[in-house]
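Working notes, beginning with the structure itself.
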Amino acid sequence: MTHGATQAWQASSVATFLMALTLAARVAWGAPAADQPARAPAGVELEVTVLDENGVAVPSARLTISPKAPSPALHGETDYKGRKRFTGVVPGLYSLEAEKEGFFAVTETEVHVGEETSLEVTLNHVQEFSEQVNVVYSPPAIDPAKIQSSETLTNEQIIDLPFTTTRDIRYALPLLPGVLQDYTGQVHVDGSSTRQISDLMDGFDLSDPVTGTFLARLSVDALRSVEVAGSRYSTEFGKGSGGIISVRTGMGDDHWRVTATDFLPGFQSRKGFNLNNWTPRGLFSGPIRKGKAWFMDAWEGEYDLNIFQELPAGADRASVWRGSNLAKAQFNLAPRNNLTVSLLVNYLHSPHSGLDPLDPISTTQNYSTGAFMLAAKDQHLFGSGVLLELGVAASRFNSHAIPMGTETYILTPGEATGNYYATSHSHADRTEVVGNLFLKPWRGAGKHEVKLGFDADRVSDTQRVTRLPYRVEREDGTLSRRVDFRNGPPFTRVNDEGGIYVQDHWNITGRWLVEPGVRFDWDEIVRAVAPSPRLASTVLLNRRGGTKLSWGTGVYRDPSNLDILTRSLTGIRTDSFYDAAGQNLIRAPIVTNFTVNQDALRFSQLINSSVALEQKLLRTTYLRLQLLDKRGRDIWTFVNSGASTSPTGLASGQFLLTNNRHDRYDAAELTLRHVFHGNHEVFTSYTRSRAHSNAVFNYSIDAVLFGPQAGGPLAWDTPNRFQSWGWLPLTHKVDFAYAVDWRDGFPFTLQNDTQEVVGAPGSRRFPEYFTLNLSLERRFTFFGFQWALRGGLDNVTGRHNPTYVDSNIDSPHFLTFSGYAGRSFSGRIRLLGRK
């Protein structure tokens with residue numbers, strides 16, 4: 001897009017936004033507040049405080065105070081302190097209802113207003129199995145205080161819905177519209193690259209400090225919810241232009257709880273009777289001191305044994321060992337002060353990583369990874385009404401990949417031989433400090449709740465990689481290409497980052513909210529201050545709250561990515577091409593290196609605009625229509641800077657890091673949700689989208705395409721997508737669950753034997769993707785404990801959904817798709833707790 005076109009688009013967006021704002025003002029100005037109906041002049045005040053079972057404030061809890069005598073009920077929502085003050089309440093006997101999604105609802109039937117001036121209510125988080133005899137789920141509702149565009153998976157949905165690899169939260173996220181998963185397991189939100197998404201656990205950055213990918217694992221039993229935000233999110237979040245994945249973990253309470261899942265191993269009768277996989281996980285929680293301190297420990301383990309019929313005995317199997325543990329504790333140091341400490345530890349070991357029928361055991365690697373994150377957060381509510389949060393976290397991700405030997409690695413059209421060419425050792429570190437300050441609300445043309453804060457971190461990347469020469473041979477065994485490396489020395493690269501923000505939650509009337517805000521970011525690499533202004537709003541279009549219009553626009557930034565920046569330190573690659581006899585060079589060797597001019601780099605900028613309409617159709621049926629437009633510019637990308645090409649047209653291997661990449665994502669999204677009694681739910685969505693860029697190639701020393709940088713669809717572009725999932729009760733103790741996902745196939749690019757791009761980028765696509773998963777689960781009591789037994793089928797139709805394709809036009813296996821998952825049976829047994 002030209003600079004003039006960009007300015008015109010921005011002007012058009014601002015004009016459209018102001019028109020919508022004016023229309024909303026006409027609807028909302030002068031309307032009585034939805035949570036403050038007309039009441040008698042004479043009255044008293046009643047302050048309601050809502051806390052969870054650990055004494056933590058519950059914001060945005062819906063409150064209804066109903067008088068016993070016929071009279072209008074009072075409605076309201078709690079603020080960030082978990083408080084709501086009702087004024088002008090006529091003294092008398094009332095009932096109070098408190099509810100919020102994710103919590104059990106509470107009803108207080110005897111509230112004597114006039115005799116009582118304050119009331120404290122405890123909302124308990126929804127537990128999969130609760131000791132309470134009569135529990136009521138909080139019904140869904142259109143939240144007038146929610147402005148950001150986000151979707152949430154609750155703990156119940158994560159546990160109950162059928163999806164592959166149910167122990168990994170990354171495989172549950174594609175249940176949400178706008179979230180796609182690639183063949184590596186990484187997720188993309190609303191057309192964004194994985195590295196553009198901020199992954200958070202309880203407010204701390206959980207992503208890999210160098211690559212920005214979501215690699216950490218934690219037991220899904222430890223989760224309370226996962227929220228994915230793609231637009232209109234607060235200036236508090238400054239390190240992800242693509243979106244936010246926020247994981248909220250649980251905490252113990254005053255009850256002792258023990259759960260266990262998949263504690264029985266599976267077996268296979270392949271080449272004898274062998275262990276197949278074993279994926280046990282468990283959770284133990286309870287009080288350290290009742291009413292004052294609690295703990296939770298959630299662990300998971302995994303053992304997989306893959307056996308390949310095509311390979312010879314003794315070289316036909318690869319095992320994987322994996323484990324993770326999340327330990328948390330909360331201490332209420334004072335009635336208004338609590339401290340939470342957590343430690344997440346990950347480990348994986350695969351002695352023959354990469355084994356498959358085309359890559360025999362000699363080509364595999366002894367691969368291991370580990371990670372940990374230690375975090376602490378303190379929350380203090382001062383008597384003045386100011387709330388302060390301070391947190392600190394330290395994390396490390398390390399990996400080691402060692403080949404089986406030093407024999408020359410050879411690639412052929414049919415298989416690979418020899419030993420893998422690269423040995424790598426790396427670790428990445430992050431030290432992070434965050435602070436948030438909620439000021440005391442004040443009034444001026446409405447009610448203002450101002451939040452401001454900061455975040456600062458140091459990230460470092462340490463690598464030691466050795467690459468040996470390897471050969472590419474034709475099907476007849478002649479040499480086609482030889483690849484040599486001049487290895488760079490071991491290195492450590494450090495980056496210091498910092499940001500500050502201010503955000504106003506401005507309640508103009510009870511039906512109209514506006515959130516203006518701005519943040520400023522700085523880092524050691526770019527050495528500049530980048531402002532990110534944002535403005536979002538929501539308005540209830542009727543007094544009953546059944547229709548809501550939300551809109552917003554803002555600037556979002558990405559952190560400086562060390563994985564891209566350090567490619568200039570990885571060494572030099574030389575490709576030599578040979579004739580049909582494999583004896584003589586047919587052209588001058590191509591030397592590939594990566595150059596970075598740090599002084600020329602700028603922060604990326606993405607303008608994210610969206611508008612959404614939510615409509616309540618029935619009591620618990622909701623429709624939402626959202627339009628989303630994201631336009632990124634100044635994104636880091638390598639371009640082929642060679643001034644000349646060979647006589648055959650083969651481009652140079654000189655790559656320069658620039659800010660030349662521009663991305664665009666447009667989407668129209670329609671969702672329909674219905675919640676049944678008992679919190680069972682059915683969800684359906686359709687998304688029409690387009691994700692394109694002017695620079696789609698991700699060059700690296702191990703993955704070089706000899707061609708100029710070019711535009712086309714991004715690798716995760718899916719123009720059409722339909723989803724549906726739900727779980728329903730068949731009987732009192734049997735639940736049925738399903739999940740359907742259909743979409744267009746991902747695009748891919750063709751190349752030839754010399755790694756030249758053939759045709760336009762993304763000119764071909766994988767076949768359409770379709771999967772249907774079904775499951776039945778029965779709960780029963782055995783030996784005084786509550787159990788759940790589940791059986792199901794993944795990919796019921798047996799649809800071939802390939803993950804790999806041979807895109808080399810000179811290969812005898814050109815356009816051969818592989819990586820089919822096929823139909824599979826899944827079983828699960830869970831211990832839920834004592835009856």
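A few comments on the model shown:
- Considering the range 205-230, and only residues there that are more than 17 Å from T194 (Cα to Cα) and aliphatic (A, V, I, L, M), the residue that is surrounded by the most Cβ atoms within 10 Å (Cβ to Cβ) turns out to be A222.
- Matching option when the condition is touching a residue at least 60 places away in the same chain (Cβ under 8 Å) and either over 29 Å from L468 (Cα atoms) or not aromatic (F, W, Y) (or both), among T731, T754: T754
- Residues that are charged (D, E, K, R) and either under 25 Å from R799 (Cβ atoms) or part of a strand (DSSP E or B) (or both), drawn from the range 735-757: D735, D741, R743, D744
- Residues in the range 797-835 that are basic (K, R) and open to solvent by less than 30 Å² (accessible area, probe 1.4 Å): R828, R830.
- Within the range 393-421, the set of residues being touching a Lys or Arg at 6+ places or on another chain (Cβ under 8 Å) and surrounded by 20 or more Cβ atoms within 10 Å (Cβ to Cβ) comprises A393, S395, Y409, Y421.
- G385, sole failed condition from (1) buried (at least 16 other Cβ atoms within 10 Å of the Cβ); (2) over 18 Å from D202 (Cβ atoms): (1)
- Near pairs, Cβ below 7 angstrom, 6+ apart or cross-chain, from the range 379-391 (modelled with pLDDT under 90) to any residue that is open to solvent by 30 Å² or more (accessible area, probe 1.4 Å): S384/K440; G385/K440
- Any hit, the range 775-792, residues being polar (S, T, N, Q) and within 30 Å of the chain's Cα centre (by Cα): yes
- Residue in the range 550-578 that is surrounded by the most Cβ atoms within 10 Å (Cβ to Cβ), counting only those that are in a loop (DSSP other than H, G, I, E, B) and touching a Ser or Thr at 6+ places or on another chain (Cβ under 7 Å): D558
- For the range 536-546, the set of residues classified as more than 19 Å from H505 (Cβ to Cβ) and open to solvent by less than 20 Å² (accessible area, probe 1.4 Å) consists of G546 only.
- Strands (runs of 3 or more DSSP E) lying entirely in the range 579-681 (those with 1 or more residues that are open to solvent by 20 Å² or more (accessible area, probe 1.4 Å), at pLDDT 95 or above and under 22 Å from Q723 (Cβ atoms)): 605-618, 621-640, 653-675
- Members of the range 428-448 that are part of a strand (DSSP E or B) and surrounded by fewer than 20 Cβ atoms within 10 Å (Cβ to Cβ): D429, T431, V433, G435, L437, W442, R443, K447, H448
- Residue check, R458 closer than 30 Å to E415 by Cα and touching a residue at least 24 places away in the same chain (Cβ under 8 Å): no
- From the options L333, L390, L344, residue that is surrounded by fewer than 18 Cβ atoms within 10 Å (Cβ to Cβ) and within 29 Å of the chain's Cα centre (by Cα): L390
- Complete set of residues in the range 61-87 that are in a strand (DSSP E or B) and open to solvent by 20 Å² or more (accessible area, probe 1.4 Å): R62, T64, S66, P67, H75, E77, R83, K84, R85, T87
- All positions within the range 256-301 that are at pLDDT below 80, in contact with a strand residue (DSSP E or B) (Cβ under 6 Å, 6 or more places away or on another chain) and among the polar types (S, T, N, Q): Q268, N274, N276
- Residue within the range 689-708 that is farther than 16 Å from V189 by Cα, surrounded by 20 or more Cβ atoms within 10 Å (Cβ to Cβ), charged (D, E, K, R) and modelled with pLDDT under 95 present: no
- Residues of the range 396-452 that turn out to be at positive phi and of a type in the set (K, R), as a count: 0
- So A530, is it open to solvent by less than 20 Å² (accessible area, probe 1.4 Å) and either more than 22 Å from L627 (Cβ to Cβ) or touching a Leu at 6+ places or on another chain (Cβ under 8 Å) (or both): yes
The values are calculated or read from the model by the stated rules, or taken from the named source; none is laboratory data. Treat the numbers as computed from the prediction; the structure is a model and nothing was measured. Glycine gets a Cβ as well: all are built from the backbone with ideal geometry, and neighbour counts include every protein chain shown. In case anyone asks, the SASA skips ligands and DNA or RNA and just uses the protein heavy atoms, side chains included. Shrake-Rupley method; radii C 1.70, N 1.55, O 1.52, S 1.80 Å.
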